[in-house]
1. Looking at segment 88-122, which of its residues are farther than 13 Å from residue 76 by Cβ and within 33 Å of the chain's Cα centre (by Cα)?
2. How many of the residues making up segment 76-118 are within 24 Å of residue 132 (Cβ to Cβ) and surrounded by fewer than 16 Cβ atoms within 10 Å (Cβ to Cβ)?
3. Quick check, is residue 49 over 30 Å from residue 123 (Cβ atoms), touching a helix residue (DSSP H, G or I) at 6+ places or on another chain (Cβ under 9 Å) and modelled with pLDDT under 75?
4. Hey, among 74, 111, 128, which residue is in contact with a helix residue (DSSP H, G or I) (Cβ under 9 Å, 6 or more places away or on another chain) and under 28 Å from residue 59 (Cβ atoms)?
């Protein structure tokens, strides 16, 4: 009942202003205090909904690379099939079978064959990544 009486009194004020040619009441300039306890209730509802709708951003956790960290490539058979532009590798490279087309630049050292620890650490890092949950983003994502 309070809201309907309040609304009708506002409507009468607007009509009175139109009749007397006074400047109209600026409805956007009303103060929230005129609504009494309604404003804190709306504020609490908005804050509550915004807190419940937020989610945690989930992403894969990068595994420790161990002894493979300084390597750009760790491979048994390294295949480099591009000829233009040439491949530029920033880091060490280790392999057992070299590529037919060598990279243009390797900023690190080339080791053949790979040290045993790099293969072990590469397998451990892959196991950590494969053990993490994966959420599909759907088609077209």
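1. If the condition is that a residue be farther than 13 Å from residue 76 by Cβ and within 33 Å of the chain's Cα centre (by Cα), then 88, 89, 90, 91, 92, 106, 107, 108, 120, 121 are the ones that fit.
2. 1
3. Considered against the rule, which asks whether it is over 30 Å from residue 123 (Cβ atoms), touching a helix residue (DSSP H, G or I) at 6+ places or on another chain (Cβ under 9 Å) and modelled with pLDDT under 75, residue 49 comes out as no.
4. Testing whether each residue is in contact with a helix residue (DSSP H, G or I) (Cβ under 9 Å, 6 or more places away or on another chain) and under 28 Å from residue 59 (Cβ atoms) leaves just 74.
The values are calculated or read from the model by the stated rules, or taken from the named source; none is laboratory data. Being a predicted model, the structure only gives us computed values, none of them experimental. Reconstructed Cβ throughout: ideal geometry from the backbone, glycine too, with neighbour counts over all protein chains shown.
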